[in-house]
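The values are calculated or read from the model by the stated rules, or taken from the named source; none is laboratory data. Worth saying up front: this structure is predicted, and the values here are computed from it rather than measured. For neighbour counting, all protein chains shown are included, and Cβ atoms are generated from backbone atoms with ideal geometry for every residue, glycine included. Quick note on the areas: whole protein, heavy atoms, side chains included, nothing else; ligands and nucleic acids left out. Shrake-Rupley method; radii C 1.70, N 1.55, O 1.52, S 1.80 Å.
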Amino acid sequence: MANSRFEYVRQFETHEKLLPDTYILVRIDGKKFHDFSKCYDFEKPNDVRALKLMNASAKNVVLQYRNDIILAFGESDEYSFIIKRQSVLYNRRKDKLSTLFVSLFTANYVALWDKFFPERKLDYKHLPFFDSRCVCYPNLQTIKDYLCWRFVDTHINNLYNTVFWQLIIKCRLTPREAEQKLCGTLSSDKQEILFSECGINYNNEPEMFKKGSLITRKGDILHIDVVKEIDELFDGF
């Protein structure tokens, strides 16, 4: 950059660096995806193609930063990328990591859209966009607890959404009636309603719906799978 008398404005820029020797979590989350999924008529409660599009977009992010990312976990319209504690990617600048991860993910989501939804063209008035955040975690146990939190969230949300939408689709309830029926119910209650009134055994639902998706690396090969034993995911880290 050429020197000029205007260069003083750079003094106003700040660049926050994330704590050294900590795991970095970059979480990407869809913005107004309820409206987005409605606009493009996603299947309820889960759209397989939409989830696979999320996985494919995340996989390309992991490929871009394969030397720094340990694993990635996705559910619904969010994805979490865990960066190894010794990483110095972009000098651990918070703004760089947050913006580059979310922009790369979004670019892939748009670029891969036609592969998964060839019959539904993206409308420039209804484009997908995501927010992101960076969080530092001090040790491996905290990272494991973070993943447990997201796994539990996946199960809770998916069980509720599965029963809610099946009551609407199969039992012809209104959204208001379905919401009232599920108000105050426990997990076991929801599964019983789903089985007795909708004829669906929740245990037989696809694992990706119930547990989310994991992207892990073994050597130079990336694997997209469902959640298994958490401790096994971090062997060698």
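Summarising the label geometry, the points placed 7 Å from Cα in the beta-carbon direction at residue 13 and residue 86 lie 3.0 nm from one another.
Heavy-atom accessible surface of residue 79, to the nearest 10 Å², is about 0 Å², with a 1.4 Å probe and all protein chains retained. The relative contact order of the range 74-227, computed from alpha carbon pairs under 8 Å that lie at least 6 residues apart in sequence, is 21 percent.
Result for the chain in a Gaussian network model with C-alpha springs under 10 Å: among 30, 184, 74, the largest mean-square fluctuation is at 184. With all protein chains kept in place, the per residue accessible area of the chain amounts to 57 square angstrom at a probe of 1.4 angstrom. A Gaussian network model of the chain, with springs between Cα atoms under 10 Å, assigns the largest mean-square fluctuation among 128, 175, 20 to 175. Dividing the Cα radius of gyration of the range 1-90 by its Kirkwood radius returns 1.15 for Rg/Rh.
For the range 110-177, what value does the Rg/Rh ratio take when both radii are computed over Cα atoms and Rh is the Kirkwood radius, given to two decimals? Each step should come with its number before you reach the end.
Details: Rg = 18.4 Å, Rh = 16.3 Å.
Reported Rg/Rh (Cα atoms, Kirkwood Rh): 1.13.
This model, with +1 at the C-beta of Lys and Arg and -1 at the C-beta of Asp and Glu, gives the range 41-142 a dipole about its Cα centre of some 500 debye. Note on the chain: Cα-Cα pairs beyond 34 Å make up 26% of the total pair count. Legend: distances between Cα atoms for 38/190; 121/190; 170/210; 84/211; pairs beyond 29 Å are 121/190. Residues 149, 165, 113, sorted by accessible area with the largest first, give 149, 165, 113 [1.4 Å probe; ligands and nucleic acids excluded]. Rounded to the nearest 20, the Cβ-based charge dipole of the chain about its Cα centre (Lys and Arg +1, Asp and Glu -1) stands at 680 debye.
Bridgeable aspartates and glutamates around residue 181 (alpha carbons under 15 Å apart, same-chain partners fewer than 8 residues away excluded): 189, 192, 197.
For the range 29-68, list log₁₀ I(q)/I(0) at each q in 0.32 Å⁻¹, using the Debye formula over Cα point scatterers of equal strength and ignoring solvent, two decimals each. Debye curve over Cα of the range 29-68, log10 I(q)/I(0) at q = 0.32 Å⁻¹: -1.08. Direction-averaged projected area, Cα convex hull, the range 133-231: 8.8 nm², rounded to one decimal. Bridgeable aspartates and glutamates around residue 218 (alpha carbons under 13 Å apart, same-chain partners fewer than 8 residues away excluded): 232, 235. Comparing mean-square fluctuations of 181, 44, 52 from a GNM of the chain with C-alpha springs under 10 Å, the top value falls on 181.
What is the percent carbon and sulfur in the accessible area of the chain, measuring with a 1.4 Å probe over the protein chains and ignoring ligands? That fraction is 52 percent.
A Förster radius of 30 Å, combined with the Cβ-Cβ distance separating residue 99 from residue 4, puts the computed FRET efficiency at roughly 0.70. Grouping the Cα pair distances of the range 61-125 into 5 Å bins from zero gives a pair-distance distribution of 4, 14, 22, 24, 15, 10, 7, 4, 1 percent in increasing distance order. Note on residue 31: lysines with a C-alpha under 19 Å away, same-chain residues under 8 apart excluded, are 44, 52, 125.
Specify the inter-centroid distance of the range 46-114 and the range 189-215, based on alpha-carbon positions, in whole Å. The range 46-114 and the range 189-215 have Cα centres spaced 27 Å from each other. Among residues other than residue 43 with Cβ under 13 Å from its Cβ, the summed charge is +3 (Lys and Arg +1, Asp and Glu -1).
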